[in-house]
Amino acid sequence: MGFTRFVEVGRVALINYGPDAGKLCTIIDMIDNNRVLVDGPREKTGIHRQVMTTKRLSLTDFVAKIPRNAKEKKIVAAWEDQGILAAWESTSWAKKLATKKRRASLSDFDRFKVMIAKKQKTEIVTKKLTEISA
Amino acid sequence: MPTKMRLFQVVGRKAPTPNDESPQIYRMKLFAPNEVNAKSRFWYFMHQMRKMKKTTGEILDVNEITEKNTNYVKNYGIWIKYNSRSGTHNMYREYRDVSLNAAIDTLYNDMAGRHRSRFQSIQIIRTATVKSSDCKRVTTTQFHDSKLKYPLPHRVVRPTTKQLRSKYLATRPSTHFN
């Protein structure tokens, strides 16, 4: 029961605070105890090369195989070879973030449709339950 | 990210007189928040080191020197002379950072925190980017491992935006995310 996610070169992290919250980034170098040098890559996630505090990062399970201080092209190549973006999208963490985002962006009509759909679902479930218990 | 301290190059000389038509020109690189302070610091140092002061001299040029490349981490070695409460000492300090200005910012804050020395008591003698093999301080050399990795233990969770802060939470927050 030790640590499995480390701050290391190539670690993919989710930014959890600040103007870039919700975006992925790759750690390309460690500056000191609290800060890391981070790059999107800009092509894939929109994050430019910058200094970021580790306080703002949530480490994911993915590590891109890149050398220290890799140029953006290398990071993009590693992301494509390892299919990091697709792998991330298929994790339940990413899916939960996506549903949260979707729910927050619903219009009133969408919320009405959700209400109706929920009602229909419970109708089917209770009908099945009564069938089984009877 | 804008830093408080910026590096300026100040060039000045004693004002020309009939005796001395073209006096020796001196150039100083110094750290100051802005050009006005840079010029002021120039006279402060020149007055200490040469027979020259603001009234008898003239500043020929002030230029800001910006960091060439902030896209990789460097080790900065900084030699300083500072006044403590009971004497004046030399010091060599190392900082890992992306730009010299940021390292100098950290230096002043660090000196204030560790030695209670303020801006006026510190004189920066020399700065240099130091090769990783030549670094002397453990706090910098510990980051020179090519396979460096460390976990983030005991993470204190912070809501994504200030608006999402709440005084009370339904459940105790988890601090282990590894």
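Just so it is clear, none of the values below were taken in a lab; they were calculated from the coordinates. Not measured: the values here are computed from a predicted model. A quick note on method: Cβ atoms are made from the backbone with ideal geometry, for glycine too, and the neighbour counts reach across all protein chains shown.
Projecting label points 7 angstrom from Cα along Cα→Cβ for B:Ser86 and B:Asn69 puts them 4.7 nm apart.
Quickly estimate the mean residue ellipticity at 222 nm for the protein assembly as shown, helices only: each DSSP H run with n ≥ 4 gives -39500 (n - 2.57), and the total goes over all residues, rounded to 500. Working shown, then result.
Values: 8 runs with 95 residues, N = 312.
Rounded to the nearest 500, it is -9500 deg cm²/dmol.
Helix B:35-49 and the longest principal axis of the Cα set of chain B meet at an angle near 60°. Residues of region A:11-26 with an amide N closer than 17 Å to a point placed 7 Å from the Cα of A:Ala87 along the Cα-to-Cβ direction: A:11-14, A:24-26.
When the listed pairs B:Lys81/B:Lys131; A:Lys74/B:Lys149; B:Lys29/B:Lys68; A:Lys23/B:Lys74 are checked against a 18 Å cut-off, the alpha-carbon distance exceeds it for B:Lys81/B:Lys131; A:Lys74/B:Lys149; A:Lys23/B:Lys74.
Each Cα pair under 8 Å and six or more residues apart adds its separation to the average, and for region B:6-126 the resulting relative contact order is 24 percent. For chain B, a crude dipole built from +1 on the beta carbon of Lys and Arg and -1 on the beta carbon of Asp and Glu, taken about the Cα centre, is about 800 debye to the nearest 20. Going from the residue with the fewest nearby Cβ atoms within 10 Å to the one with the most, B:Cys135, A:Cys25 rank B:Cys135, A:Cys25.
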